[in-house]
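Peer 1: Here it is, the structure in full.
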Amino acid sequence: MGIVYFIGAGPGDPELLTIKAARIIAEAGLVLYAGSLVPTGVVAHARPEAKVIDSSGLTLEQTHALLVEAVNAGKSAARVHTGDPALYGAVREQALLLDRDGIAWEVVPGVSAAFAAAAEARVSFTVPEVTQTLVITRLAGRTPVPESEALAGLATHGAAMAVYLSAADAPRLRDELLAGGYAPETTVVVGHKVGWPGGETLRTTLADMAEAVRAANIGRQAVFLVLPGESAGEARSKLYDPQFAHGYRNGGR
């Protein structure tokens, strides 16, 4: 029997695939990807004789049937997910069906959109003595969020935040972040289709974020980076401080 690989496709740029992910896609007999989120360039590594199927219009049961068919034929299957499979990837429900049917599976991690957007905008989530925590979350919408994870409550920590799946209601996102205590002038980077042709990052403030999103006609496939550390100036880490000793350097010299 074959095996199923859940592949992190990254944010869209085929060059952000890991070497392992590209190799597995190139070797697979079936490449199953969500065309609404994963550009075709990412699955272009597939060999000519492989089945390459867009799963956008399929149900969980239909995708599972395709995976079972490939594995029973002795082929490997690459189930390609946008970003990293562990984050909003619906891998768990697919893996439960594979476990039920005794089918082996593995996960290959990928670059999530938040990190691609931070790289594109040249910003850091963590800043010495300002924030050392990153919260990854989303607004409640058609898919609910536990009450204990309401955005305004999470915002009270004042940490850096990456907010996914919330572009359709940027005004509510802004209001909840402000209600949680972020200052209106807090830097926000909006990453829209980062890694795709025509993708962009917008740098704005929390107060102006909703208007910036509206002006750019962004309604989906965006991640919001809330960056309280961006106003910290020249904050310096201890790692390279000449007065700070650690296992590889004596301090005070």
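The values are calculated or read from the model by the stated rules, or taken from the named source; none is laboratory data. Not measured: the values here are computed from a predicted model. All Cβ positions, even for glycine, are placed from backbone atoms using ideal geometry, and neighbour counts span all protein chains on display. Note: areas computed on protein heavy atoms with side chains; ligands, DNA, RNA excluded. Shrake-Rupley method; radii C 1.70, N 1.55, O 1.52, S 1.80 Å.
Peer 1: Does the range 185-202 contain any residue that is of a type in the set (Phe, Trp, Tyr) and either farther than 22 Å from residue 83 by Cα or at pLDDT below 95 (or both)?
Peer 2: Scanning the range 185-202, I find at least one residue that is of a type in the set (Phe, Trp, Tyr) and either farther than 22 Å from residue 83 by Cα or at pLDDT below 95 (or both), so the answer is yes.
Peer 1: Residues in the range 136-149: is at least one part of a loop (DSSP other than H, G, I, E, B), touching a residue at least 40 places away in the same chain (Cβ under 8 Å) and surrounded by fewer than 19 Cβ atoms within 10 Å (Cβ to Cβ)?
Peer 2: no
Peer 1: Out of 106, 129, I need the residue that is charged (D, E, K, R) and closer than 25 Å to residue 54 by Cβ. Which one?
Peer 2: 106
Peer 1: Got a sec? Which strands (runs of 3 or more DSSP E) wholly within the range 6-122 have at least 3 residues that are out of contact with any strand residue (DSSP E or B) (no Cβ under 6 Å at 6 or more places or on another chain) and open to solvent by less than 50 Å² (accessible area, probe 1.4 Å)?
Peer 2: Fully inside the range 6-122 and qualifying: nothing.
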